[in-house]
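The values are calculated or read from the model by the stated rules, or taken from the named source; none is laboratory data. All values reported here derive from a predicted model rather than from experimental measurement. Cβ placement follows ideal geometry from the backbone for every residue including glycine, while neighbour counts extend to all protein chains displayed. Surface areas here come from the heavy atoms of the whole protein model, side chains and all, with no ligands, DNA or RNA. Shrake-Rupley method; radii C 1.70, N 1.55, O 1.52, S 1.80 Å.
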Amino acid sequence: MQKAQDELEHETVEASAGGGMVTVTASGAGDVKQIKIDPKAIDPDDAELLADMVLAAVNEAIRSARSLQESKLGGLAGGALGGLGL
């Protein structure tokens, strides 16, 4: 199980929102590693839309990381991922 957890640290997942205007990269362990924002997404008159796109992309990246964790760890985790808040 430790080996699988170590592998997750080195794998990444990516999610985007707003038609690719915001892209989030996270590790397989669920840590957000990078957020890219297309300059066209920055509208000073609509900061709320940008915030919504960032939030959507982050949440999708976290869901993708969870899915990767479940596929790598399978039954080995024995529900431990839920206990970690992941």
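Reported value for the chain: 79 Å³ per residue, from the convex hull of its C-alpha atoms. With contributions of -39500 (n - 2.57) from each DSSP H run of at least four residues, the per-residue ellipticity at 222 nm computed over the chain stands at -15000 deg cm²/dmol.
The residues neighbouring Q69, those whose beta-carbon lies less than 13 Å from its own, together hold a net charge of -3 under the Lys/Arg +1, Asp/Glu -1 convention. Between E7 and K40, the simple label model (points 7 Å from Cα in the Cβ direction) yields a spacing of 3.8 nm. Placing +1 on the Cβ of every Lys and Arg and -1 on the Cβ of every Asp and Glu, with no other charges, gives segment 1-72 a dipole of roughly 300 debye about its Cα centre.
Element breakdown for the chain at a 1.4 angstrom probe: carbon and sulfur atoms account for 51% of the accessible area. For K3, a cut-off of 19 angstrom between C-alpha atoms picks up these lysines, skipping any fewer than 8 places away in its own chain: K72. Taking the Cβ of L50 as the centre, find all other residues whose Cβ is under 14 Å away and add up their charges (Lys, Arg: +1; Asp, Glu: -1). Around L50, the charge tally is -4.
Considering only V22, L73, L8, and ranking their Cα positions along the charge dipole of the chain that arises from unit charges at the beta-carbon of Lys, Arg, Asp and Glu, the one farthest toward the positive end is L73.
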